[in-house]
1. Please enumerate, by chain and number, the lysines with C-alpha under 22 Å from the C-alpha of Lys162, excluding those fewer than 8 residues away in the same chain.
2. Which GluC sites (Glu not before Pro) in the stretch 1-67 pass both tests, a DSSP loop state and at most 14 other beta-carbon atoms within 10 Å?
3. How tilted is helix 151-168 with respect to the longest principal axis of the chain? Cα atoms for both, answer in degrees (0 to 90, nearest 10).
4. Two decimals is fine: what's Rg over Rh for the stretch 1-76, C-alpha atoms, Kirkwood radius as Rh?
5. Are there any trypsin sites (Lys or Arg not before Pro) in the stretch 227-310 that are in a DSSP loop and have at most 14 other Cβ atoms within 10 Å? List them by number.
6. Could you give the radius of gyration (one decimal) and Dmax (whole number) of the Cα atoms in the chain, in Å?
7. Output wanted: per-residue J couplings in Hz (rounded whole) for the stretch 23-40, from phi through Karplus 6.51 cos²θ - 1.76 cosθ + 1.60, θ = phi - 60°, x for Gly and Pro.
8. So which trypsin sites (Lys or Arg not before Pro) in the stretch 110-201 pass both tests, a DSSP loop state and at most 16 other Cβ atoms within 10 Å of the Cβ?
Amino acid sequence: MRPITDLFDKRILFVTGKGGVGKTTVALALGVAAAAAGRRTIVCEVAAQESASRIFGKAEIGFHEVELRENLSAISIDPDHSIREYLELQLPVKAMGDLLYRSKIFNYLAAATPGLAEMVTIGKIWELALDERKARRGKPYDLVIVDAPATGHGLGLMQTPKTFAEIARVGPMAHQAATINKTITNHRKAGAILIALPEEMPVNETATLEAELIDSIGIAIDRIYMNAVYPQRFSAAELERIAAAQDDAMDAQAMALAAALDQAKRAAGHAEQLERLRELARTDVAELPFLFAPELGVEELDELAGMAAE
């Protein structure tokens with residue numbers, strides 16, 4: 001398995017997986033790890049998510065590059081703001097962009113253009129990773145970590161530049177789409193990290209997503225994380241003694257022993273799914289533990305970042 005610092009040498013890392021697998025948490029943890037390694041990092045949350053602001057105790061971030069801690073910033077990207085910024089950058093006078101953005105005809109055409117929302121979203125992600133930013137007062141980042149949409153939508157987001165370039169063929173949008181596609185399919189500059197849970201469906205979807213990203217789009221899959229894996233706390237001999245002790249246990253003791261057996265059963269199931277994913281996937285699979293906390297905060301994120309960076 002490649003050292004995590006090698007992955008941090010890339011400019012863009014997409015983090016995706018089936019909904020509910022913890023990809024947002026892992027994306028933020030990777031951001032924390034990259035910042036600690038000295039990379040100037042920004043975590044992009046897509047579709048107006050605000051997990052970073054909640055965890056770090058910040059006001060709503062929105063379409064702003066907000067510093068969370070040293071070397072680590074966040075932004076929440078939404079298509080409306082991305083379209084507006086794109087117009088401002090393309091037109092020589094800012095007022096012209098504002099005027100066009102407010103036009104009912106333009107908004108009608110924009111809404112009717114398939115994939116435009118995804119195109120301007122990934123366009124903003126690409127802009128953040130440029131050595132010379134196009135955005136006014138924009139400073140370059142060493143690494144852009146994208147908390148991408150779940151499976152199908154995430155695949156669509158990464159496929160959009162290729163589709164737009166093929167359909168448009170000529171013009172500034174076609175040129176930019178081709179440039180973005182060339183960037184995200186350059187294995188030295190960009191890649192993807194997939195997140196799975198130790199359950200049958202997430203494992204199946206992760207293997208399918210990996211194949212589609214590699215074979216259909218050409219994006220490098222740099223690592224797969226099996227998230228929220230239960231630890232196996234007991235040996236086989238200890239489990240036998242726990243099961244035997246249940247017969248003579250009182251109510252409270254019986255409940256505790258039953259909980260221990262249930263936890264061991266879950267851990268065994270998780271180990272089975274982890275092994276199955278390693279057999280199905282082409283990419284190295286690392287595991288991240290289940291964090292027994294009522295709510296994940298900065299302390300838990302730091303703990304997870306240390307584990308993800310190993």
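1. Lys162 reaches Lys10, Lys124, Lys134, Lys182, Lys189.
2. Loop-located and lightly packed - Glu60.
3. Tilt of helix 151-168: around 20 degrees.
4. Numbers: Rg = 12.2 Å, Rh = 12.8 Å.
Using only Cα positions, Rg/Rh for the stretch 1-76 is 0.95.
5. Arg233, Arg282
6. For the chain, the Cα-based Rg and Dmax read 22.3, 82 Å.
7. Whole-Hz 3J(HN,Hα) from phi for the stretch 23-40: 5, 5, 4, 5, 4, 5, 5, 5, x, 4, 5, 5, 4, 5, 7, x, 8, 6.
8. Arg133, Lys134, Arg136, Arg137, Arg169, Arg188, Lys189
Read-outs throughout are calculated quantities, based only on the coordinates presented, and are distinct from any laboratory measurement. Predicted, not measured: the structure shown is a model, and the values here were computed from it. Every residue, glycine among them, receives a Cβ derived from its backbone with ideal geometry; neighbour counts consider all protein chains shown.
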